[in-house]
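The values are calculated or read from the model by the stated rules, or taken from the named source; none is laboratory data. The structure presented is a predicted model; accordingly, all values stated were derived computationally and were not measured. Using ideal geometry, Cβ is built from the backbone for each residue, glycine included, and neighbour counts are taken over all protein chains shown.
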Amino acid sequence: MDPIKNIKHEADFKNTEDGAYFMSEDIYYRFFENLQDMICISTPDDRILDVNPACVNMLGYDSKEDLLSIDNLQYLYHSVANMDKWKELMQKHGSVKDFEATLVKKSGELIAAHVTSSRIINQYGNIIYTSVIRDITKNIRGQTNIHKKNVDLIDSISNLKKTQPKLIQQEKLASIGQLAAGIAHELNNPIGFISSNFTSLKLYINIIKKYIKQFEKIASSIHSKENFTVSEIVDKIDKYKKEQKLDYIFEDIGDLVSESMEGIHRITGIVRNLRNFSRIDVDSEIEQYDINEAINSTLIVARNEIKYVADIKKDFSQTPPVQCIGGEINQVFLNIIVNAAQALKAQNRSSKGLIKIKTYKDNEFVYCEITDNGPGIPANIIHRIFDPFFTTKEAGKGTGLGLNISYDIIVHKHKGDLLVKSKEGMGTKFIIKIPIESRIEKTN
């Protein structure tokens with residue numbers, strides 16, 4: 001056949017509807033089958049739908065059926081955390097390019113790979129992930145272990161982010177644990193006078209019962225027409241009233257009830273604030289948060305830690321509610337205020353120190369300044385105070401995580417700022433800056 005006529009025939013065929021359909025199907029099939037990089041088609045719930053021959057060969061499986069029989073995508077990844085990070089990016093952006101992954105061959109051998117994926121919707125409306133996977137093991141040669149360590153490091157960071165809420169919760173409970181004796185003392189005070197008041201009330205009730213019985217006895221005598229004069233009846237009542245000091249009892253009952261109610265309110269407040277601090281923020285719910293009210297709650301929880309070593313001076317402005325995770329911000333206030341009180345206590349001062357707490361706002365942020373007139377922080381260590389496990393306290397007095405967690409909550413999570421200014425011998429000021437509108441990144 002004449003080559004020129006053959007070319008013309010093929011061109012004419014391509015221009016027909018059947019020819020266009022055939023060419024599109026054929027091209028994509030040949031692309032899928034012959035591409036030297038691996039192709040993997042999967043679902044958001046990790047089922048593997050299809051792979052190309054390169055994927056079968058490079059991963060060391062006997063056939064496509066052999067590879068598809070593993071069913072779950074996670075068995076192709078060296079670590080589930082690595083795959084979860086890829087899924088997180090796919091859910092957030094719909095595509096990833098050159099994602100670093102470490103895959104596992106059937107034999108157990110590791111492959112360094114770059115994964116480029118896209119999220120598409122098929123003709124049935126189902127979401128599927130198409131991934132082109134390039135084996136870069138040969139390219140990096142002796143650096144395979146470095147690649148694996150990089151991926152493992154990313155996995156470790158991902159795992160740390162997942163465990164961070166537990167770490168915050170443990171630090172929160174540790175803080176409350178350190179304050180437990182003081183909190184118990186705060187509860188014992190109102191419980192003590194409530195108990196004493198109820199002992200007095202019980203005695204008063206018995207006296208009043210006897211007083212009422214005197215009236216019942218007199219009423220019975222009158223009813224039976226015994227020979228009593230009105231003056232005799234009044235004398236008996238007055239005598240009993242004076243002997244039992246009923247006027248004082250009637251007056252004191254009101255005071256006892258008022259004091260007991262005040263004590264109950266104090267106990268309720270302490271328990272409520274403790275519950276707010278110790279609750280597990282599993283869902284990390286963003287809420288409307290009153291910074292002034294939160295500081296007052298913190299001062300109640302930490303009252304016994306503060307009251308013997310420092311006076312509190314509050315300078316609160318009218319501030320709008322901020323959108324934040326309230327339980328976590330409570331933890332920041334507690335850490336900084338208790339640190340200030342402990343620094344003042346460590347000085348063994350002859351008189352109380354001073355902790356000043358000031359709140360104010362601008363157009364974007366609400367601010368809280370917590371200032372003490374304690375020993376201050378030496379210039380050679382101030383740059384380390386937000387480092388994990390760094391503490392100047394003696395063994396058993398601190399975990400070294402309080403300020404590190406506080407910094408992470410304010411700066412990394414809430415996208416605010418946590419600043420410290422200090423001069424040795426002059427005291428320390430912490431400035432907490434919280435966005436009014438939430439800037440917390442939402443994760444899927």
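Restricted to region 344-364, and to residues that are within 17 Å of Asp311 (Cβ to Cβ) and of a type in the set (Val, Ile, Thr), which residue is surrounded by the fewest Cβ atoms within 10 Å (Cβ to Cβ)?
So the residue we want is Ile357.
Out of the residues in region 196-231 that are among the polar types (S, T, N, Q) and surrounded by 13 or more Cβ atoms within 10 Å (Cβ to Cβ), which is modelled with the highest pLDDT?
We begin by selecting, within region 196-231, every residue among the polar types (S, T, N, Q); these are 196-197, 199-200, 206, 214, 220-221, 224, 227, 229, 231.
From what is left, the residues that are surrounded by 13 or more Cβ atoms within 10 Å (Cβ to Cβ) are 196-197, 200, 214, 221.
Working: Ser196: 80, Asn197: 81, Ser200: 84, Gln214: 73, Ser221: 68.
In this case the residue turns out to be Ser200.
Hey, can you tell me all the residues within region 391-430 that are buried (at least 16 other Cβ atoms within 10 Å of the Cβ), modelled with pLDDT of 90 or more and aliphatic (A, V, I, L, M)?
Ile410, Leu418, Val420 - these are the residues of region 391-430 that are buried (at least 16 other Cβ atoms within 10 Å of the Cβ), modelled with pLDDT of 90 or more and aliphatic (A, V, I, L, M).
Pairs please, first residue from region 401-418 and touching a residue at least 40 places away in the same chain (Cβ under 8 Å) and farther than 14 Å from Ile431 by Cα, second anywhere and of a type in the set (Val, Ile, Thr) and surrounded by fewer than 22 Cβ atoms within 10 Å (Cβ to Cβ), Cβ atoms under 9 Å, 6+ apart in sequence or on different chains.
Once the first residue is touching a residue at least 40 places away in the same chain (Cβ under 8 Å) and farther than 14 Å from Ile431 by Cα and sits in region 401-418, its partners that are of a type in the set (Val, Ile, Thr) and surrounded by fewer than 22 Cβ atoms within 10 Å (Cβ to Cβ) give Leu401/Thr391; Gly402/Val338; Gly402/Thr391; Lys413/Ile440; His414/Ile440.
Considering only region 92-115, state which residues are over 37 Å from the mean Cα position of the chain (by Cα) and exposed (fewer than 13 other Cβ atoms within 10 Å of the Cβ).
Of everything in region 92-115, those that are over 37 Å from the mean Cα position of the chain (by Cα) and exposed (fewer than 13 other Cβ atoms within 10 Å of the Cβ) turn out to be Ser107, Gly108, Glu109.
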